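Okay, structure first, notes after.
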Amino acid sequence: MKLIPVTNIASDEKALEAEFKKARQVGVVRLGDKHFFFKSKLKQYYIPYEDIKRCYRRVLGVPTKMCCGKGEVLVENLVIGEGDKEYAVIQLPGTRAAKVLFEDLKGILPNADFTSPKRDEETGEIIPSSNLAAEGAKA
């Protein structure tokens, strides 16, 4: 099986495969000893835990037509990144799996930030964290 690194840091393939097989699976995600594995389409990706600096849940409402009228289905996504950069947006099977995975990641990644980045209210664009620090210094 070919495992593709999301960041530029590659690891030993045999050790990665052994870790992948032993890793605990939650939906399309696997939690290994040193790496976070996830599947996207037909490919398997991995990110070393030390490269994950920000991790948060993003819930999207998808409008649908149902037998009783119009409704909205909530889709759980896990966003993994560093600062303002998003490495991966992973769709999870449901709210329960998202909560379990999020709590496990909090235990594995004690130094990571588990909040979404600040967005501009008018444009909706992500405000770089360097600009937030500058605004805090002005106040």
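The values are calculated or read from the model by the stated rules, or taken from the named source; none is laboratory data. For clarity, every value in this text was computed on a predicted model and none was experimentally measured. We place every Cβ from the backbone using ideal geometry, glycine too, and count neighbours over all the protein chains shown. Keep in mind that these areas ignore ligands, DNA and RNA; they rest on the heavy atoms of the full protein, side chains included. Shrake-Rupley method; radii C 1.70, N 1.55, O 1.52, S 1.80 Å.
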For the range 36-57, which residues satisfy the criterion of being open to solvent by 20 Å² or more (accessible area, probe 1.4 Å) and either without any contact (Cβ under 8 Å) to a residue 24 or more places away in the chain or not aromatic (Phe, Trp, Tyr) (or both)? Lys39, Ser40, Lys41, Leu42, Lys43, Gln44, Glu50, Asp51, Lys53, Arg54, Arg57
Are there any pairs, at least 6 apart or on different chains, whose C-beta atoms fall under 6 Å, with the first in the range 67-82 and in contact (Cβ under 8 Å) with a residue 12 or more places away in the chain and the second of a type outside the set (Asp, Glu) and not in a strand (DSSP E or B), and if so, which? Glu76/Leu92; Glu76/Thr95; Glu76/Ala98; Leu78/Leu92; Ile80/Ile52; Glu82/Lys53
So for the range 95-103 (the condition being open to solvent by 50 Å² or more (accessible area, probe 1.4 Å), closer than 12 Å to Cys55 by Cβ and at pLDDT 85 or above), does at least one residue qualify? yes
Contact list, first residue from the range 2-31 and at positive phi, second anywhere and open to solvent by 40 Å² or more (accessible area, probe 1.4 Å), beta-carbon distance below 8 Å, six or more apart or interchain, is Gly27/Pro93
Matching residues in the range 104-122 (part of a strand (DSSP E or B) and either open to solvent by 80 Å² or more (accessible area, probe 1.4 Å) or among the aromatic types (Phe, Trp, Tyr) (or both)) number 1
Of the residues in the range 76-90, those that are open to solvent by 30 Å² or more (accessible area, probe 1.4 Å) and either closer than 22 Å to Val26 by Cα or outside any loop (DSSP other than H, G, I, E, B) (or both) number 5
For Glu19, are the conditions met, namely being farther than 22 Å from Lys118 by Cα and loosely packed, with under 15 Cβ neighbours inside 10 Å? no
